[in-house]
Amino acid sequence: MKKDKKELGITAEKDDFSDWYTQLIQKAELVEYTSVSGCYILRPRCYFIWEQVMDYFDSLIKQDGVKNAYFPLLIPESNLTKEKDHISGFNPEVAWVTQTGDTKLKERLAIRPTSESSMYPAYSKWIRSWRDLPLRLNQWNNVLRWEFKNPVPLIRFREFLWQEGHSAFSNEKEAIKEAEKMLDFYEKVYKEIYAIPVIKGVKTDKEKFAGADRTLTTEILLPSGKVAQAGTSHNLGQNFSKAFDIKFKDANGNEKYVWQNSWGLSTRSIGIAIMMHSDDKGLVLSPKIAQEQVVIVPILQKDDSINKKIINETKKIKKTLEHIRVLIDDREDLSPGFKFNDWEMKGIPIRIEIGPKDFKNKTVVIARRDTKTKESIKITELKKEVKNLLEKIHENLYSKAKKHMKENTVIVKNMKDLIKAIKNKKLVKTEWCESQNCEDFIKSKSGGAKIICKIKEKANGKCCYCGKKAKHIVYVAKSY
């Protein structure tokens, strides 16, 4: 039975966020569901996005002196439990291997939820002297976390891909400097690759990474009104070095524990980009991460001789657009209108149309996915115009996302206004006294919104909940 054309496109509007997103990621050929809840197939169009992120970020950290390595997926329980705060924070998420074939293991093996306890036993062997520091390693890998009930593909899922960097330094100052630098790197990834602005801040003690002294974070306000944590950098202090006995002798022969960081960015970033830029018609992506940046659609007629000339012209155009990812859609069994809708749904940034009249006039029609505008230009100007348009599309998407965040951020001074703003799906900027009681009350009274981060701005007012002198400017929102 032939499917209705409407069923092939997105039938839900973005306001119906859950249904819209579920349809989009499948119909745009990004994600396929599996029989294991929270575990998804990343199809080539989706994995291509991750490859662009990997290439960009890998270059940043290598230029900064970080080296890549790989550590095992399975972690002995005795290693995982060495840092008490760490294991208590992750315990609900850990999946265990207890048996191989018919044989029960003497010691349970954790499938890594994160790699501190996998990597640090080796760090304790490799680090002996101040000359061995700093040790800065990164790995590109997968992790498994099982604690939640309602997974969201590419946002909140059980098995995901990421990079996780783990560094050791001889002093706290160097560790702090690197942690802040990595947050700047994550900001660059989102700006330069995804065309998305971030909020940079520090997590509260309640929300920080288990076992860390301090968690630095990047946060993004999405059109749904919720905030997504985009990438984090953790000051681990000496908590893990003491637990795993990672010590060195300084230049004077004194034995000391190292200072450590860990930092990570995951495939959640893909879901953030999809949610931020896409619309009712489907996927919208920055040209930086689109598998095809340009699709050329020849408008064919009944005259085979003219069609042959148009097809040949599309091939010449593709050759002209060197170093740009170009696809020619010459499928004969589909109408131009169907093709336009198909590529709009799949998010190709630029569509070039060429028919008999265009061929005769030595022109083409260019359609932009982000603005849905069209213009006719001469073929001789096409190479320069496409290159400029690809840059303009990225800049436009970034500007729109920045405008969205600005227009949907509300400054409040009391709980009444905070609750109202959260109901209206706004990002709240307010002041807080640093009390965890107030932090808990803000969450309970606002229907689940929480302090997502503290920022560097100086507080000079009163806590929005208790009215006492504030110590921090904070952002409050519901989050994924």
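Which residues, taken from the range 441-455, are of a type in the set (A, V, I, L, M) and in a loop (DSSP other than H, G, I, E, B)?
So the first thing to find is which residues in the range 441-455 are of a type in the set (A, V, I, L, M), and the list is 442, 449, 451-452, 455.
Within the range 441-455, ALA449 is the sole residue that qualifies.
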Check your understanding: Which residue pairs have Cβ atoms under 6 Å apart, sit 6 or more places apart or on different chains, and have a first residue in the range 220-241 that is at negative phi and a second that is among the basic types (Lys, Arg)?
Key -> LYS226/LYS478; ASN235/ARG214
Check your understanding: If you go through the range 300-338, how many residues are surrounded by 15 or more Cβ atoms within 10 Å (Cβ to Cβ), among the β-branched types (Val, Ile, Thr), touching a helix residue (DSSP H, G or I) at 6+ places or on another chain (Cβ under 9 Å) and at pLDDT 95 or above?
Key -> 4
Practice item. Could you look through the range 180-214, keep only residues that are of a type in the set (Gly, Ala, Ser) and within 27 Å of VAL258 (Cβ to Cβ), and pick out the one that is surrounded by the most Cβ atoms within 10 Å (Cβ to Cβ)? Key: ALA212
Study note, to complete from the structure: With criteria (1) closer than 30 Å to ASN361 by Cα; (2) without any contact (Cβ under 8 Å) to a residue 40 or more places away in the chain; (3) out of contact with any Leu (no Cβ under 6 Å at 6 or more places or on another chain); (4) of a type in the set (S, T, N, Q), THR320 comes up short on (2)
Exercise for review: Output the residues belonging to the range 216-242 that are surrounded by 22 or more Cβ atoms within 10 Å (Cβ to Cβ) and closer than 30 Å to LYS125 by Cα.
Suggested key: LEU216, GLY231, THR232, SER233, HIS234, ASN235, LEU236, PHE240, SER241
Exercise for review: Taking LYS458 as the residue in question, decide whether it is outside the structural domain of ALA228 (by TED's automatic domain parsing) and part of a helix (DSSP H, G or I).
Suggested key: no
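On the basis of being surrounded by 20 or more Cβ atoms within 10 Å (Cβ to Cβ), assigned to a loop (DSSP other than H, G, I, E, B) and in contact (Cβ under 8 Å) with a residue 24 or more places away in the chain, does CYS464 make the cut? Talk me through it step by step, then tell me what you get.
On the way: surrounded by 20 or more Cβ atoms within 10 Å (Cβ to Cβ): yes; assigned to a loop (DSSP other than H, G, I, E, B): yes; in contact (Cβ under 8 Å) with a residue 24 or more places away in the chain: yes.
Answer is yes for this residue.
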Exercise for review: Among the numbered conditions (1) acidic (Asp, Glu); (2) outside any strand (DSSP E or B); (3) surrounded by 14 or more Cβ atoms within 10 Å (Cβ to Cβ), tell me where GLU147 comes up short.
Suggested key: (3)
Check your understanding: Which one is farthest from LYS469 (Cα to Cα), of the residues in the range 446-457 that are charged (D, E, K, R) and crowded, with 19+ Cβ neighbours inside 10 Å?
Key -> LYS450
Review point. Within the range 49-64, can one find any residue that is free of Cβ contacts under 8 Å to residues at least 12 places away in the same chain and under 18 Å from MET276 (Cα atoms)?
Key: no
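Picking from LYS426, LYS443, LYS420, LYS469, which residue would you name as being more than 27 Å from the chain's Cα centre (by Cα) and either surrounded by 14 or more Cβ atoms within 10 Å (Cβ to Cβ) or closer than 22 Å to GLU219 by Cα (or both)?
Numbers: LYS426 fails: more than 27 Å from the chain's Cα centre (by Cα); LYS443 fails: more than 27 Å from the chain's Cα centre (by Cα); LYS469 fails: either surrounded by 14 or more Cβ atoms within 10 Å (Cβ to Cβ) or closer than 22 Å to GLU219 by Cα (or both).
Among LYS426, LYS443, LYS420, LYS469, only LYS420 is more than 27 Å from the chain's Cα centre (by Cα) and either surrounded by 14 or more Cβ atoms within 10 Å (Cβ to Cβ) or closer than 22 Å to GLU219 by Cα (or both).
Do we find that LEU105 is farther than 30 Å from MET275 by Cα and surrounded by 17 or more Cβ atoms within 10 Å (Cβ to Cβ) in this structure? Walk me through how you get there before you give the answer.
On the way: farther than 30 Å from MET275 by Cα: yes; surrounded by 17 or more Cβ atoms within 10 Å (Cβ to Cβ): no.
So LEU105 fails the test.
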**Study point:** Members of the range 220-250 that are touching a helix residue (DSSP H, G or I) at 6+ places or on another chain (Cβ under 6 Å) and either of a type in the set (Lys, Arg) or not in a strand (DSSP E or B) (or both)
**Key:** LEU222, SER224, PHE240, PHE244, ASP245, ILE246, ASP250
Review point. Which members of the range 120-137 meet the condition of being of a type outside the set (Val, Ile, Thr), surrounded by 15 or more Cβ atoms within 10 Å (Cβ to Cβ) and either in a loop (DSSP other than H, G, I, E, B) or not assigned by TED's automatic domain parsing to the domain that holds PHE248 (or both)?
Key: LEU133, PRO134
Exercise for review: Restrict the check to the range 425-436 and report whether at least one residue is assigned to a helix (DSSP H, G or I) and not β-branched (Val, Ile, Thr).
Suggested key: yes
Point to revise | Checklist (1) buried (at least 19 other Cβ atoms within 10 Å of the Cβ); (2) of a type in the set (A, V, I, L, M); (3) not assigned by TED's automatic domain parsing to the domain that holds LYS191 applied to ILE272, failing item | key: (3)
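The values are calculated or read from the model by the stated rules, or taken from the named source; none is laboratory data. Note that the structure is a prediction, hence the values are computed from the model and not measured. Neighbour counts are summed over all protein chains in view; Cβ atoms, including those assigned to glycine, are modelled from backbone coordinates with ideal geometry.
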